[in-house]
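See below for the structure under consideration.
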Amino acid sequence: MAKMNFGGVEENVVTREEFPLEKAREVLKDETIAVIGYGVQGPGQSLNLRDNGFNVIIGQRKESKTWDKAVADGWVPGETLFEIEEACERGTIIQYLLSDAAQITLWDTVKKHLTPGKALYFSHGFGITYKDRTGIVPPADVDVILVAPKGSGTSLRKMFLEGRGLNSSYAVYQDATGKAHDRAVALGIGVGSGYLFETDFKREVYSDLTGERGTLMGAIQGLLLAQYEVLRENGHTPSEAFNETVEELTQSLMPLFAEKGMDWMYANCSTTAQRGALDWMGPFHDATKPVFEKLYKEVACGNEAQRSIDSNSQADYREKLEEELKALRESEMWQTGAVVRKLRPENN
Ligand SMILES: NC(=O)c1ccc[n+]([C@@H]2O[C@H](COP(=O)([O-])OP(=O)(O)OC[C@H]3O[C@@H](n4cnc5c(N)ncnc54)[C@H](O)[C@@H]3O)[C@@H](O)[C@H]2O)c1
Ligand SMILES: CC(C)(O)[C@@H](O)C(=O)O
Ligand SMILES: [Mg+2]
Ligand SMILES: [Mg+2]
């Protein structure tokens, strides 16, 4: 494990140089990796593992759209694609990649097949950390490990195919075999992670729930919409408001700070812009910090987990979510976005 200095703080990380794919293959050479669930992470992780030469099978409900998707992706019924229970029986490592709510429903089925020496793998600290709410308590004689890609399974696969790698965190909750650490890290490398950083189940789920409700998804939409609305209310056209709020951010400025940091992006804008941004970053920080503090408390006390369990375990949760996503898609801002994207020269 390499110790690296991140802005003055030392952390343990695992790089691909230190733990190459050949080593990961050696660690997992006798394992059957059963990926349970073929939603978003399931395809990303299983296809990367398969392409990297590991022994992978899929467990998925038959007669579902995602079963058909698995077949289309080259998984063969009866050979590498099974009903969930059969895959759990065959796997020596069970990658539990059902939705967090479905993990609660299917727990008794999975638990039955957790015989001594197997490993139970999660990509989220949710089920274990909130065990009082989920009932997920693994037997003591199996390894319980985590690799959590820090991004969508869709990006995990796309970046792998581009020769890049999405970073993941990893953790060991229970080491029954003495091999839990190596199993976790080998799987992290196998699924195509860029580098791996160490965490525990609780810190993973607290940071993950905060991040997705915060800057990654919830806060970004709230912030963008607030500015778009102010521009529109003051007589600016949809084109102007959208370009000044979203298109310039994603197409021009975000790639600059992704490449070389915020100061580099600032340095490549006018002195007028730099002066204003440096002055206004403080008020935006001060206005939003209390919201982030409230969010973290709601995550840490379990309220956010309970809200998602309650809503996502309802029979019609997919339809309800789709209605909310439709409202977002059909809002003026994102309808404008659809036209703006079409007008990008590369899309013509
Ligand atoms: N979506 C992501 O990119 C992402 C990123 C990092 C971590 N994670 C974590 O990975 C895990 C999997 O997330 P996901 O977004 O891929 O899941 P998902 O919501 O896409 O669902 C995965 C699978 O669960 C199955 N499923 C749902 N309800 C079921 C039920 N009642 N019975 C049987 N199967 C059922 C679906 O058919 C699907 O194949 C979660 O713990 C999540 O927090 C997800
Ligand atoms: C992709 C995200 C937001 O990072 C993940 O945490 C999820 O829950 O889908
Ligand atoms: Mg998440
Ligand atoms: Mg996440």
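With respect to P255, determine if the residue is of a type outside the set (V, I, T), touching a residue at least 60 places away in the same chain (Cβ under 8 Å) and outside the structural domain of E11 (by the TED database).
Against the criterion (of a type outside the set (V, I, T), touching a residue at least 60 places away in the same chain (Cβ under 8 Å) and outside the structural domain of E11 (by the TED database)), P255 does not qualify.
Counting just the residues of segment 27-41 that are within 16 Å of ligand 3 (Cβ to nearest atom) and farther than 17 Å from R90 by Cα, which one comes out surrounded by the most Cβ atoms within 10 Å (Cβ to Cβ)?
It comes out as Q41.
Hey, among H113, H181, H124, which residue is within 16 Å of ligand 3 (Cβ to nearest atom) and either over 17 Å from the mean Cα position of the chain (by Cα) or at pLDDT 95 or above (or both)?
Just one listed residue meets the conditions, H124.
Are there any pairs, at least 6 apart or on different chains, whose C-beta atoms fall under 9 Å, with the first in segment 8-26 and in a strand (DSSP E or B) and the second among the basic types (K, R), and if so, which?
As it stands, the answer is E10/K3; E11/K3; N12/K3; V13/K3, since those pairs meet every condition given.
Step by step: first the residues of segment 278-336, then only those that are touching a residue at least 60 places away in the same chain (Cβ under 8 Å) and charged (D, E, K, R), then the one that is farthest from R213 (Cα to Cα). Which residue is that?
This residue is E332.
Give the residues of segment 147-170 that are within 12 Å of ligand 1 (Cβ to nearest atom) and either in a loop (DSSP other than H, G, I, E, B) or not assigned by the TED database to the domain that holds A119 (or both), sorted by residue number.
Within segment 147-170, K150, G151, S152 qualify.
Being touching a Gly at 6+ places or on another chain (Cβ under 9 Å) and either within 25 Å of K118 (Cβ to Cβ) or away from ligand 2 (no atom under 16 Å from the Cβ) (or both) narrows it down to one of V205, V185, so name that one.
So the residue among V205, V185 that is touching a Gly at 6+ places or on another chain (Cβ under 9 Å) and either within 25 Å of K118 (Cβ to Cβ) or away from ligand 2 (no atom under 16 Å from the Cβ) (or both) is V205.
Quick check on this structure: which one of T210, T250, T245, T215 is exposed (fewer than 13 other Cβ atoms within 10 Å of the Cβ) and at pLDDT 95 or above?
That would be T250, the only listed residue that is exposed (fewer than 13 other Cβ atoms within 10 Å of the Cβ) and at pLDDT 95 or above.
Just for segment 92-146: of the residues that are β-branched (V, I, T) and assigned to a helix (DSSP H, G or I), which one is surrounded by the fewest Cβ atoms within 10 Å (Cβ to Cβ)?
Among them, the one singled out is T105.
Can you confirm whether segment 42-58 contains a residue that is more than 16 Å from ligand 3 (Cβ to nearest atom), among the basic types (K, R), surrounded by 15 or more Cβ atoms within 10 Å (Cβ to Cβ) and closer than 18 Å to L187 by Cβ?
yes
The values are calculated or read from the model by the stated rules, or taken from the named source; none is laboratory data. Since the model is a prediction, treat every value here as computed from it, not as a measurement. A quick note on method: Cβ atoms are made from the backbone with ideal geometry, for glycine too, and the neighbour counts reach across all protein chains shown.
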